[in-house]
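*Asks:* Could you have a look at this structure, given as structure tokens, before my questions?
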Amino acid sequence: MNTPDVSKDFADALRRVVRGDVRLDRMSRILYSTDASSYQIMPVGIVLPRDVEDVCAAVKLAADHNVPVIPRGGGTSLSGQTVGPALILDHSRHLDRIIEINPEERWIRVEAGAVLDQVNAALRLHGLMVGPDPASSPAATLGGMTGNNSTGAHSIVYGMMADHVQEVSVVLSDGSTAHFGPMTAESERALGGQPTLEGRLTREVPRFLDRYADAIETGYPTVWRNVAGYNLNRVQRDL
């Protein structure tokens, strides 16, 4: 609980570049020092971004000042995923919209802070639901479920979150944005030639997968769900 305060320069810059709430007071930090786990770790501060531009600005500024960042939804995970000595980005306050529902193609587009029960209430009108059904559905957000690869009591039937996410738009560690989804060989080559972090990932991740293909194929434990690291064994390259 003795995480040091952020520097005045960082605090002032954060308030300049973020339009959403910036909370650096001790009471707010104590409130965000816990989640549904048994851990308690004081964050350096909290940002409630109003839009994606706020997220990008906060992440870029944190990167420039070597401040870690933890995105947070409902804080319902049981292993301490949303606590730490970092700048907390709480997506559940403003970034919670259901953007589009396509019942014919059976998909929905939402913001990261959209709550599962509210999403399912909208989908129920079309005879649909999100497959994973964790017990924390009244508070769990779709962004948190994606990051945590959530499951639920019926995951043997419906699968886990990784089985249902088709595409994601993300903010990378330098504050830039990227979109991950199905890609043709031509578009992969074009994007891989870009001098951006997204371009670097497009170039280097396939090389990494090829280099460690044998270890990836044989080294992962044969369990239903494993969240101890990156799910490299689930990365598909059908190019």
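Taken together, the values in this text are just the output of simple stated rules run on the coordinates, not laboratory data. Everything numeric in this text was worked out from a predicted model, so none of it was measured. Neighbour counts are summed over all protein chains in view; Cβ atoms, including those assigned to glycine, are modelled from backbone coordinates with ideal geometry.
*Asks:* Pick out, in residue order, every one of the GluC sites (Glu not before Pro) in the range 78-108 that is DSSP loop and has at most 14 other C-beta atoms within 10 Å; say none if there are none.
*Replies:* Values: sites: Glu100, Glu104, Glu105; in loops: Glu104, Glu105.
When the GluC sites (Glu not before Pro) of the range 78-108 are filtered for loop state and at most 14 Cβ neighbours within 10 Å, Glu104, Glu105 remain.
*Asks:* Sequence-distant or interchain residues sharing an amide H contact under 5 Å with Gly45, placed H: which?
*Replies:* Distant-sequence amide H within range of Gly45: Ala86, Ile88.
*Asks:* If contacts are Cα pairs under 8 angstrom and at least 6 residues apart, what is the relative contact order of the chain in percent?
*Replies:* On the way: 390 pairs, mean separation 31.6, N = 239.
Taking the mean separation of contacting Cα pairs over the length of the chain, I get 13 percent.
*Asks:* Then there's this: Tally the DSSP beta bridges in the chain and give the antiparallel ones as a percent, rounded to 5.
*Replies:* 60 percent
*Asks:* Kindly rank 17-25, 165-173 from highest to lowest mean number of other beta carbons found within 10 Å of each residue.
*Replies:* 17-25, 165-173
*Asks:* Using per-residue counts of other Cβ atoms within 10 Å, averaged over each peptide, order 131-138, 150-157, 44-51 from highest down.
*Replies:* 44-51, 131-138, 150-157
*Asks:* Fully extended, how many nm does the chain gain between Ser176 and Asp210 (0.36 nm per residue separation, minus their Cα-Cα distance)? Intermediate results must be reported in sequence, preceding the final value.
*Replies:* On the way: separation 34, 0.36 × 34 = 12.24 nm, distance 2.63 nm.
Residue separation times 0.36 nm, minus the Cα-Cα distance, leaves 9.6 nm.
*Asks:* Here is a further query. Please compute the volume of the convex hull spanned by the alpha-carbon atoms of the range 98-163 and report it per residue in Å³.
*Replies:* Details: hull volume 5.2 nm³, N = 66.
Residue-normalised Cα hull volume stands at 79 Å³.
*Asks:* Please list, by residue number, every one of the chymotrypsin sites (Phe, Trp or Tyr not before Pro) in the range 21-108 that is coil in DSSP and has at most 15 other beta-carbon atoms within 10 Å.
*Replies:* On the way: sites: Tyr32, Tyr39, Trp107; in loops: Tyr32, Tyr39.
Sparse-neighbourhood loop chymotrypsin sites (Phe, Trp or Tyr not before Pro): Tyr39.
*Asks:* How much mean residue ellipticity at 222 nm does the chain get from its helices, if each DSSP H run of length 4 or more adds -39500 (n - 2.57) and you divide by all residues, to the nearest 500 deg cm²/dmol?
*Replies:* Working: 9 runs with 79 residues, N = 239.
Rounded to the nearest 500, it is -9000 deg cm²/dmol.
*Asks:* Next up: Given a Förster distance of 30 Å, report the FRET efficiency between Arg225 and Asn102 from their Cβ-Cβ distance, rounded to the nearest 0.05.
*Replies:* It comes to 0.60.
*Asks:* A further question on this structure: Can you compute 3J(HN,Hα) from phi for each residue in the range 76-92, using the Karplus curve 6.51 cos²θ - 1.76 cosθ + 1.60 with θ = phi - 60°, rounded to whole Hz and x for Gly and Pro?
*Replies:* These are the phi-based 3J(HN,Hα) values: 9, 5, 9, 10, x, 5, 10, 10, x, x, 9, 7, 8, 9, 8, 7, 6 Hz.
*Asks:* Expressed as a rounded percentage, what relative contact order does the range 121-239 have, with Cα pairs under 8 Å and six or more residues apart?
*Replies:* Values: 90 pairs, mean separation 18.3, N = 119.
It comes to 15 percent, rounded to a whole number.
*Asks:* From the backbone phi of the range 170-180, what are the Karplus-calculated ³J(HN,Hα) couplings (6.51 cos²θ - 1.76 cosθ + 1.60, θ = phi - 60°) in whole Hz, Gly and Pro given as x?
*Replies:* Along the range 170-180, the couplings run 10, 9, 7, 5, 9, x, 7, 10, 8, 10, 10 Hz.
*Asks:* For the range 8-90, what does the relative contact order come out to in percent, with C-alpha contacts under 8 Å and a separation of six or more?
*Replies:* On the way: 153 pairs, mean separation 29.9, N = 83.
Relative contact order of the range 8-90: 36 percent.
*Asks:* Taking the Cα centroid of the range 162-228 and of the range 14-66, what is the distance between the two, rounded to the nearest whole Å?
*Replies:* Here the two parts' Cα centres lie 27 Å apart.
*Asks:* Further question: Using θ = phi - 60° and the Karplus curve 6.51 cos²θ - 1.76 cosθ + 1.60, what whole-Hz ³J(HN,Hα) does each residue of the range 139-146 get, with Gly and Pro shown as x?
*Replies:* 10, 5, 9, 5, x, x, 5, 5
*Asks:* Sticking with this one: Quick check: pseudo-label points 7 Å beyond the Cα along Cα→Cβ at Asp51 and Ile30, how many nm apart are they?
*Replies:* Label-label distance for Asp51 and Ile30, simple model: 3.6 nm.
*Asks:* Could you compute the net charge surrounding His164? Neighbours are other residues with a C-beta less than 15 Å from the C-beta of His164; K and R count +1, D and E count -1. Walk me through the intermediate numbers first.
*Replies:* Values: positive: Arg106, Arg109, Arg225, Arg234; negative: Glu105, Asp133, Asp163, Glu167.
Counting the neighbours of His164, the net charge comes to 0.
*Asks:* Continuing with this model, one more query. The range 168-224: which chymotrypsin sites (Phe, Trp or Tyr not before Pro) are DSSP loop and have at most 14 other beta-carbon atoms within 10 angstrom?
*Replies:* On the way: sites: Phe180, Phe208, Tyr212, Trp224; in loops: Tyr212, Trp224.
Of the chymotrypsin sites (Phe, Trp or Tyr not before Pro), the ones in loops of the range 168-224 whose Cβ has at most 14 other Cβ atoms within 10 Å are Tyr212, Trp224.
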